[in-house]
Every structure is written in C-alpha cells, then in structure tokens.
Amino acid sequence: MILSRTVVIKKVFGKRFNIDLFIEVMSKLENIRILIVGAGIAGSALFRRLKAQGHQVDIIEKSPTLTNEGAAICLPANAMIELKKLNLVDQVMACAHQVNQIEYALSNGKTLAKASLNDAPLNKAPFVALKRDALMNILRKDIAEEITLDTCLTHIEQTGESATVTFNNGYTQHYDLVVGADGINSHVRGIIQPDTPLLKHTVTNWRFITQKPSQDFQPVYYVGDTSLFMIYPISNEEVYCYGHVIDPTEQYYAMPVKTALNAVFANYAAPIKHCLDNMPDNDHIIRGGLKSVAKTESVYNNVVLIGDALHGCPPSLQQGAGMSLEDVNCLADQLADNTLDLKKVLVNYQQARSARVAWTVQESNKIIKLAGLGQSFIGRLVRNFIIRRTGPANVVGWRKLLAEKI
Ligand SMILES: Cc1cc2nc3c(=O)[nH]c(=O)nc-3n(C[C@H](O)[C@H](O)[C@H](O)COP(=O)(O)OP(=O)(O)OC[C@H]3O[C@@H](n4cnc5c(N)ncnc54)[C@H](O)[C@@H]3O)c2cc1C
C-alpha cells in the first residue's frame, strides 16, 4: 500500500516533495494492530469503522454464537446522530418506531409531567426504539464472519509499546491496542482495574415485548412506591416493557418471572394490566439486576475501554447505545488522524470522553435514587414535586446531553 502511494505521490508532486516525511506521518497509525474484545453494540460498531479505515483489527467474542438477548432498545437522538456517522440511520429507521413525547405518570396513571421531543435541542435527530435483534443484525451485517467466536482473553501483559494477549486456547499475540468492549462485567476492565467492583443497586428488573395497549401510544414511565414500569412503542403493534422493583432481599428475583411481575405491578393502571395479561412466554422475559461501574477511567497504557465496559449503568437515561456509539466514533476519528501517534490518540480519546461519560453514569444512578424516594411518604412528595417542576427526569438529562453542555 505504501509503495503504490509513493509512486502516485511522485507522479503528482514531482521530486521536490518530501515523500519520506509524508509517508512517516501518514504511516504513524497505519500499521498498528488492534484487538477488540466483545462483539456487542460497541465492539461491532468499532470493528465496522476501523475496518473501513483500513486498520488491522481482530475481534473476539466469548459466546459460541451471535445470539442476542434483550427484547428491545430505545435510542435517544444522540444515538441516532452517531448511527448517522456509521451510515446506518436508514437501516435503523426501516426497523424502528419514532416517538414524539415522553410522559411520567403515577402508578395509577395520573400524569406527573410530559415533554415533547420536537423541541430544541431534543429535535436534533429522531428518538426511536426497535427490537435489539434488529439493531444487532444491522451492526453485524457484513462483519459477522470476521468475528472469532467462543474466544476470550485470559491475560494481558503490557510491555512498553504493546500489549501481549493470551487467549483461552493458549495462543499469544502482540497488539498495539486492546479495546475492552466486553460489557458491564468486562473481563478486560477486571484485569486493568482489579480492585474496583461494580456498584449494585439492589433493584430487580424485567423486560419483554408485547402488544400495544392502544393505538398512538407514546412512551409512559409509571412510578410507584418501590417500583417503576415503562411502556415504549417499538412498532405500530408492539411495545417494549421494562419494569423494576427495589429488591434488597432478592425476593422478587427468586420468584418465577410472571408471578413476580403480577405481584409487583398488581395495582398499576390499565395499560400495565394489558401488558401483563399479554406477556410472552417465560423464555422471552428477561430478568436482571441493576449495576453501575464505579470508575470511568478509559485508558490504561495500551488498553482502552468503550461501551458498558467503560460506563455500564442503569438504563434510566437509555444512554447505553448512544454513549457506546459516541465512544466508537470518537476513538475511530482519532485513529483516522494520521498526524497523531497512538499515545496522543488515547490522550485525546480520554479527554474527549471523560466528563460526558462520568456525568451520564452519575445522572443515571441519580434517577434510580429519585425513583427510590417513593419508598416513604415524604420522599414521594419530594419526588413528585421534582418531576412536576422539572419534567420527565430522562428528558432533563437528554436536553443536557444534546445541548452538549457536558
Ligand atoms: C435492563 C436494561 C435495559 C436497557 N435499555 C437500554 C435502552 O433502552 N437503550 C440503550 O441505549 N441502552 C439500554 N441498555 C444498555 C445497553 O444494553 C448497553 O449499554 C449496551 O448493550 C452496551 O453495549 P456493549 O457492546 O458495551 O456491551 P454488551 O452489549 O454487553 O456486549 C458485550 C459483548 O462482549 C461479549 N463478552 C463479554 N465478555 C467477554 C470476554 N471476556 N471476551 C470476549 N467477549 C466477551 C459479550 O458476549 C457481548 O457480546 C439497557 C441495559 C439494561 C440492563
């Protein structure tokens, strides 16, 4: 590649052009070897971009197949802005459903606050939701065969200018850059931050897709005393439901999923009853617990974190995909700049991302705490007052992110 470029440059600029200097600059990042660990949203998107930029990049995935769990996913406008940079907006819009309004309501259905998504700065791009499978199929289209499945790393040795990685098959390989894109329970983060466990929120949650309670349904977040239920349309017929309950003793986590959902949300308003009456079979209801990373430092010599490995947190702001894609585009843009060396790339990435990522994790944790105020009478008054006064808590956060105040 360098040879052919030399010939072209000589032809175009003649002998007086300093080709050696030009090639030195142009080649700074050209031959670096990159390993991406994890082929979720962040890893797959980064692989797409780096391959398109001509980098030597390997991607490994610990699962033996490329299956996806996760019902559906909501993509606020900043996620769509990043998908545009990946040239994937049209594909996503073809499978997604756009919404125009967000409502927070009490569990009995009484409205606390509503916000239009058509007002600036929220209207920079559409807010949509779609099945998670559909998003992953788009992100992995044309790259699926290049993902090495059933593979994870067991060890990273940082050796000055590079990182030596040992894989689960015993094979060892040198990389200039290792990208940890292996999700909230990141093994890569565990290696480089061994003493920083995840924060647990003692909240049990469930997700599933069901039929729409009514035509023209816009997203509603119903807040109860110790629980919350979201209904978010993903098509003309279907909605994505997310419910959670504060569960310090894990009594609800231990129950069969439908029994738990019926118990927690028994007194909620009619649309929730409709969703519970039409729940899918157990295999299509996903149960989990909420966790957050405790530290959002992204660069450790030749290892960099992106996606949930860097900023995994509760989905209160639905920023998982948006933040992951922002990481991807930021890192890929830096790696595309041939005037930079790798150290500078990583410094720039860390500087560009640190405040926004840290704020998003803190704000997402704060919204979980705000919902949790409902446990006491006074707390409920305070929570409801804040929501009535400032609007839906997620919209408040999205405004800040989209105005790029952080
Ligand atoms: C209940 C819930 C609801 C959510 N709702 C939304 C939402 O509506 N909108 C939104 O934007 N975000 C949402 N999120 C967050 C979103 O799911 C994540 O932010 C997003 O999936 C992060 O992508 P990722 O690629 O970083 O990690 P992941 O999607 O977790 O992908 C990590 C990949 O790495 C692989 N892996 C793991 N360990 C290893 C290893 N050691 N070696 C190799 N591979 C490995 C995994 O198998 C996986 O394929 C939600 C999260 C939860 C828990």
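All of the numbers you see were taken from the coordinates with simple rules; none came from a lab. Keep in mind the model is a prediction, meaning the values are calculated, not measured. FYI the Cβ positions are ideal-geometry reconstructions off the backbone, even for glycines, and counts take in every protein chain you see.
Listed here are the residues, each with its yes/no results for (1) buried (at least 18 other Cβ atoms within 10 Å of the Cβ); (2) among the hydrophobic types (A, V, I, L, M, F, W, C).
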position: 66; (1), (2): no, yes
position: 80; (1), (2): yes, yes
position: 83; (1), (2): yes, yes
position: 87; (1), (2): no, no
position: 98; (1), (2): no, no
position: 120; (1), (2): no, yes
position: 127; (1), (2): yes, yes
- Counting only residues that are under 27 Å from residue 99 (Cβ atoms), free of Cβ contacts under 8 Å to residues at least 60 places away in the same chain and assigned to a loop (DSSP other than H, G, I, E, B), how many does region 236-264 have? 1
- Residue list for region 262-279, restricted to those being over 15 Å from residue 225 (Cα atoms) and either of a type in the set (A, V, I, L, M) or touching a helix residue (DSSP H, G or I) at 6+ places or on another chain (Cβ under 7 Å) (or both): 262, 270, 272, 276, 279
- Query: Considering 364, 354, which residue is touching a residue at least 24 places away in the same chain (Cβ under 8 Å), within 30 Å of residue 54 (Cβ to Cβ) and within 17 Å of the chain's Cα centre (by Cα)?
  - Reply: 354
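Name the residues in region 160-184 that are in a loop (DSSP other than H, G, I, E, B), within 27 Å of the chain's Cα centre (by Cα) and either surrounded by 14 or more Cβ atoms within 10 Å (Cβ to Cβ) or more than 14 Å from the ligand (Cβ to nearest atom) (or both), would you?
Correct list: 176, 181, 182, 183, 184.
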- For region 212-235, the count of residues that are among the polar types (S, T, N, Q) and part of a strand (DSSP E or B) equals 1
- Among helices (runs of 4 or more DSSP H) entirely within region 34-141, at least 2 residues that are within 13 Å of the ligand (Cβ to nearest atom) occur in 41-52, 77-85, 132-140
- Give 157, 145 a once-over and let me know the one that is more than 11 Å from the ligand (Cβ to nearest atom), assigned to a strand (DSSP E or B) and charged (D, E, K, R). 157
- Could you say whether any residue in region 303-310 is part of a helix (DSSP H, G or I) and either more than 30 Å from residue 34 (Cα to Cα) or in contact with a strand residue (DSSP E or B) (Cβ under 6 Å, 6 or more places away or on another chain) (or both)? yes
